[in-house]
Amino acid sequence: MLRMNHHVIAHSSAPVIILLALLAGGTVRGDDVPDTEAADESADGEAVTPEVEPLTYEAQVAADQMLAELPPDSEARAMLDDILDGSALGDGDGWFRLAIAQSRFGWDYASSTYDADTDGSISAEEFAGSEGDFARLDRDGDGGVKEPDFDWSAGSLTPSPGMMVYYRSDADANGKVTLEEFQQYFSQLDTDEHGFLSLDDLREALQMPTSSGSDEPRPDDPSRSTLVLGLQRQELGSLTPGPGLNEDAPDFTLRSLDGEEVTLSEEVGEQPVVLVFGNFTCGPFRSQAGNIEKLCERYRDRAKFFLVYVREAHPTDGWWMMSNQRFGIEVAQPQTDDERFSIAQTCREHLDIDMPFLVDGTNDIVGAGYSGMPNRLYLIDSDGRIAFKNGRGPFGFHPRQLEQALILMLAEEE
């Protein structure tokens, strides 16, 4: 798996974790790519399994407690087991292999509803919705909605040249690349000041690294103890799986940053409800801020959107991140509701998202109940039932996947 500067990769004597805290303005180099497949070798060339460091007393107590309390077949137990085993927590490890997206509106639904000639492709004429909605369903823009348009098997953080351009350009890490930021990135690439970039300039700048380099540890590499304690505190994610597809959405009442109390059951009814869970110190959440805002702008007249602010993923008193430090995002885990409220206000100002911010209490009742940490997306129908939930964040956090479900739900209701 590719590692950018913002990836978190532990050295060979510690668990490799690939939960990303995204760093804008970074570079991607060959020595940033860890060879996670290769085993260490002994002097005689035989493969050996790297040893994992012992847990601290506090972490061991936490691990023993969770081992006793978490059901063996639960998502949280899978995450704990893999942490203790020192495995690489990629998108196929821990709870990520279990907590996949659930949608009422996948390809099977779309094809059976709209593919009248059963040719495996839904045309604009066959689709009941608007041209704009059809264009959003047609992800590859080939003029037909097909099964690959519903394939979200690649994690939301899968590297690509476009992703590299984005992170290098988003200089303030607010999820939006402005013209000024793009021009600054252009200037960085135009090293000889010709005033233009050639094909080879861009090929060289955006080539994907192919070799691994130094295994030197980074200051923010998490130890097993850090991960165990982060799991117990639900900073890595909620210990509960959240409501499943077609289940009732748990009701809640939360205070918004604008001082209003919002009760979910009172919002359900005429329009679908979208819940977006996130927090300031989660880099993958910040990186999606532009996508979230555009999603809200496209459908705000046809659906209700609420951002639910939850527990910090990377506080300074937990698994802290160099990328957060670089952008001045240094936040300790709030101990009071007022502290969390204040940090949520800072987050809204930084990301500049025009949608209601609801702040979960430090008891984390809503965040834990919806499995909303570190980030998550839900679509709730007019009967108050779950019509879509994405996979565990950060890998499963796909705003456009939710958009697909929302479009098809709206078309169904028209």
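The values are calculated or read from the model by the stated rules, or taken from the named source; none is laboratory data. Quantities reported herein were computed from a predicted structural model and do not represent experimental measurements. In this analysis, Cβ positions are derived from the backbone assuming ideal geometry, glycine residues included, and neighbour counts consider all displayed protein chains. Remember, those area values only see protein heavy atoms, side chains included, never the ligands or the DNA or RNA. Shrake-Rupley method; radii C 1.70, N 1.55, O 1.52, S 1.80 Å.
So, in segment 110-144, of the ones that are closer than 18 Å to R400 by Cβ and touching a Ser or Thr at 6+ places or on another chain (Cβ under 8 Å), which residue ends up surrounded by the fewest Cβ atoms within 10 Å (Cβ to Cβ)?
G144
I need a count of the residues in segment 275-304 that are in a strand (DSSP E or B) and open to solvent by 10 Å² or more (accessible area, probe 1.4 Å). So that I can check it myself, show each step before the final result.
Filtering segment 275-304 for residues in a strand (DSSP E or B) gives 275-278, 304.
If we keep only those that are open to solvent by 10 Å² or more (accessible area, probe 1.4 Å) as well, we get 304.
Number of matching residues: 1.
Looking at L245, L206, can you tell me which residue is more than 25 Å from M164 (Cα to Cα) and aliphatic (A, V, I, L, M)? Exactly one of L245, L206 is more than 25 Å from M164 (Cα to Cα) and aliphatic (A, V, I, L, M), namely L245. When you look at Q207, is it under 30 Å from D81 (Cα atoms) and more than 18 Å from the chain's Cα centre (by Cα), yes or no? Criteria not met by Q207. Note on segment 208-233: residues that are loosely packed, with under 15 Cβ neighbours inside 10 Å and either aromatic (F, W, Y) or at pLDDT 85 or above (or both) total 1. Starting from segment 174-185, keep only residues that are free of Cβ contacts under 8 Å to residues at least 40 places away in the same chain and open to solvent by 70 Å² or more (accessible area, probe 1.4 Å), then list their pairs with residues that are part of a helix (DSSP H, G or I) and among the β-branched types (V, I, T) whose Cβ atoms are within a distance under 9 Å, requiring at least 6 positions of separation or different chains. From residues that are free of Cβ contacts under 8 Å to residues at least 40 places away in the same chain and open to solvent by 70 Å² or more (accessible area, probe 1.4 Å), the pairs are F182/V165.
Within segment 84-102, how many residues turn out to be assigned to a helix (DSSP H, G or I), under 18 Å from G391 (Cβ atoms) and touching a residue at least 60 places away in the same chain (Cβ under 8 Å)?
2
Across segment 260-274, the number of residues qualifying as at pLDDT below 95 and open to solvent by less than 60 Å² (accessible area, probe 1.4 Å) comes to 1.
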